[in-house]
Amino acid sequence: MPAANRLGREGQGLKIALTTLNTGRLSLPALCVASGRWSLKIAREWSNARTQWGQPVGKHEAVGKKIAFIAASAFALDAVFELSAELADAGQKDVRIEAALAKLWSSEISYRIADELVQIRGGRGFETAESLEARGERAVPAEQQLRDLRINRIFEGSSEIMKLLIAREAVDAHLAAAGDLASVDASLQDKARAAVGASGFYARWLPKLVAGAGMDPRSYSDFGRLAKQLRFVERSSRRLARQTFYGMGRWQAKLEYKQAFLGRVVDIGAELFAMAACCSRAEMILRTTPEHAASAYELAEAYCDQARVRIDEYFDQLWRNTDDGDRILSRKVLAGEYTWLEAGVLDQSEGTGPWIADATPGPSSKENLHRKYR
Ligand SMILES: Cc1cc2nc3c(=O)[nH]c(=O)nc-3n(C[C@H](O)[C@H](O)[C@H](O)COP(=O)(O)OP(=O)(O)OC[C@H]3O[C@@H](n4cnc5c(N)ncnc54)[C@H](O)[C@@H]3O)c2cc1C
């Protein structure tokens, strides 16, 4: 290849290639937006058409809750994608984290929407479009959507790997500040020296986490009724940083291996990101299509209220969970201590081939993983 055809500077190739992942990753949230809209349409039309126990199924509270979840989440899918794409288009900021959060959150919530749609459709949700058509009914591929969306949680970085990558950004500042303090191998003397350095960082950083705009009832007033949601986002972001700091204090360098704790930290961050995106989207709709503003504000508020319940649960679970017990249990399962529970499963019912035909080793080290998905 002639040098004249080179894109960018010499030695920058890998960086450029990996940077494309940031915006490339946004194509998946875009697809999830479409699936959210489709699910909302089918849920609305079907829940009005199907009558059980004397009224349309959508009017039964159990189904109504699902419809409310689908509507609020479809709005949030739109909002998260629009915000992330605008940040990417503006080109002024590295959108690595926003794109990763958008990919992770969109693929998870759109799958939950699709699952709820299957449930709302009842037996017809489980049926294929072909089967429905053959019976003379509308060919709604709800089960196919569920199957197709499943892969989004696995490829372009599985949800577990995305959480690790995002969490690393949150924890890196602490690890850098703590230096030897967080190192398992450092001597007592090194740790004492690092403690002096870290105390300077935290003396500046920690007070910022106690008070902020979220405490002032007048802040974000431009957002009208959504101001309280943005104050919650701001307060919760600081709370999240404090909790991450406590995790750091408790586990030090081992925090990196606390995947369940870090996963919840990222789940909270993703919900806060989606809440902020919803408020920003409602504000944008007010300016561009004012005829939809009132309902956009309602949907944004509904999403925020629903997300706050989930966020409270995640915060609670940071410190009240079964992680330690589950770790022990899973090790025992792996060691074969409960194989009696598999009684009745025919030997080799899953076939006799090797688990992995291609013996090429996967990414073996943490460094490889980071290189692959950054
Ligand atoms: C339909 C389809 C299309 C695809 N298209 C492409 C493509 O175009 N380009 C491409 O490069 N790849 C593609 N892939 C591959 C895809 O990116 C991988 O399947 C995906 O990255 C997961 O890797 P894996 O299958 O090796 O799972 P594994 O790495 O074996 O993971 C198994 C499980 O362990 C979890 N796990 C793995 N490592 C860790 C860890 N360190 N900590 C916690 N949990 C962990 C995973 O999240 C998963 O739950 C495609 C796959 C499919 C099915």
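Restricting to the range 259-303, give me the number of residues that are within 16 Å of the ligand (Cβ to nearest atom) and out of contact with any Gly (no Cβ under 9 Å at 6 or more places or on another chain). First the steps, then the outcome.
First, the residues of the range 259-303 that are within 16 Å of the ligand (Cβ to nearest atom): 259-267.
Narrowing the set further to residues that are out of contact with any Gly (no Cβ under 9 Å at 6 or more places or on another chain) leaves 259-260, 263-264, 266-267.
Residues that pass the stated criteria total 6.
Identify all residues within the range 135-150 that are open to solvent by 30 Å² or more (accessible area, probe 1.4 Å) and either under 15 Å from the mean Cα position of the chain (by Cα) or among the basic types (Lys, Arg) (or both); write none if there are none.
Result: 135, 138, 147, 150.
Identify all residues within the range 147-166 that are part of a helix (DSSP H, G or I), touching a Phe, Trp or Tyr at 6+ places or on another chain (Cβ under 8 Å) and not basic (Lys, Arg); write none if there are none.
The initial filter retains those residues of the range 147-166 that are part of a helix (DSSP H, G or I), namely 147-153, 159-166.
Those left that are additionally touching a Phe, Trp or Tyr at 6+ places or on another chain (Cβ under 8 Å): 149-150, 152-153, 161-162, 165.
If the condition is that a residue be part of a helix (DSSP H, G or I), touching a Phe, Trp or Tyr at 6+ places or on another chain (Cβ under 8 Å) and not basic (Lys, Arg), then 149, 152, 161, 162, 165 are the ones that fit.
Of all residues in the range 61-81, which are open to solvent by 60 Å² or more (accessible area, probe 1.4 Å) and of a type in the set (D, E, K, R)?
Start the filter on the range 61-81 by keeping residues that are open to solvent by 60 Å² or more (accessible area, probe 1.4 Å), which leaves 61-62, 65.
Hits for the range 61-81 are 61, 65.
From the list 252, 306, pick out the single residue that is in contact (Cβ under 8 Å) with a residue 60 or more places away in the chain and farther than 28 Å from residue 81 by Cα.
On the way: 306 fails: farther than 28 Å from residue 81 by Cα.
The conditions single out 252.
Hey, any hits in the range 18-29 for a residue that's at pLDDT 95 or above and either crowded, with 18+ Cβ neighbours inside 10 Å or outside any helix (DSSP H, G or I) (or both)?
yes
Within the range 264-272, identify whether any single residue is of a type in the set (A, V, I, L, M, F, W, C) and surrounded by fewer than 20 Cβ atoms within 10 Å (Cβ to Cβ), and answer yes or no. Don't jump to the end; show me each part of the working.
Within the range 264-272, the first condition is being of a type in the set (A, V, I, L, M, F, W, C), and the residues that meet it are 265-266, 268, 270, 272.
Filter once more, so that each one left must be surrounded by fewer than 20 Cβ atoms within 10 Å (Cβ to Cβ): none.
No, because not a single residue in the range 264-272 is of a type in the set (A, V, I, L, M, F, W, C) and surrounded by fewer than 20 Cβ atoms within 10 Å (Cβ to Cβ).
State which residue is nearest to the chain's Cα centre (by Cα) when the search covers only the range 285-312 and only residues that are open to solvent by 50 Å² or more (accessible area, probe 1.4 Å) and of a type in the set (A, V, I, L, M).
The qualifying residue nearest to the chain's Cα centre (by Cα) is 309.
Of everything in the range 320-330 that's in contact (Cβ under 8 Å) with a residue 40 or more places away in the chain and either open to solvent by 80 Å² or more (accessible area, probe 1.4 Å) or under 21 Å from the mean Cα position of the chain (by Cα) (or both), which residue is farthest from residue 239 (Cα to Cα)?
Start the filter on the range 320-330 by keeping residues that are in contact (Cβ under 8 Å) with a residue 40 or more places away in the chain, which leaves 321, 323, 326.
When the remaining residues are screened for being either open to solvent by 80 Å² or more (accessible area, probe 1.4 Å) or under 21 Å from the mean Cα position of the chain (by Cα) (or both), the result is 321, 323.
Details: 321: 19, 323: 21 Å.
The selected residue is 323.
Out of 364, 330, I need the residue that is of a type outside the set (Phe, Trp, Tyr), at pLDDT below 90 and within 16 Å of the ligand (Cβ to nearest atom). Which one?
Just one listed residue meets the conditions, 364.
Residues being basic (Lys, Arg) and more than 9 Å from the ligand (Cβ to nearest atom): count how many of those fall in the range 133-167.
4
When the range 36-58 is examined, which residues are found to be in contact with a Ser or Thr (Cβ under 8 Å, 6 or more places away or on another chain) and either over 18 Å from residue 302 (Cα atoms) or assigned by TED's automatic domain parsing to the domain that holds residue 307 (or both)?
Of everything in the range 36-58, those that are in contact with a Ser or Thr (Cβ under 8 Å, 6 or more places away or on another chain) and either over 18 Å from residue 302 (Cα atoms) or assigned by TED's automatic domain parsing to the domain that holds residue 307 (or both) turn out to be 56, 57.
Which of the numbered conditions does residue 276 fail, given that it passes all the others? Conditions: (1) open to solvent by 20 Å² or more (accessible area, probe 1.4 Å); (2) modelled with pLDDT under 90; (3) assigned to a helix (DSSP H, G or I).
Looking at each condition in turn, residue 276 falls short on (2).
The values are calculated or read from the model by the stated rules, or taken from the named source; none is laboratory data. Keep in mind that what you see is a predicted model, and the values were worked out from it rather than measured. With ideal geometry, Cβ positions are generated from the backbone for all residues, glycine too; neighbour counts draw on all protein chains shown. The accessibility values were calculated without ligands, DNA or RNA, using every heavy atom of the protein model including side chains. Shrake-Rupley method; radii C 1.70, N 1.55, O 1.52, S 1.80 Å.
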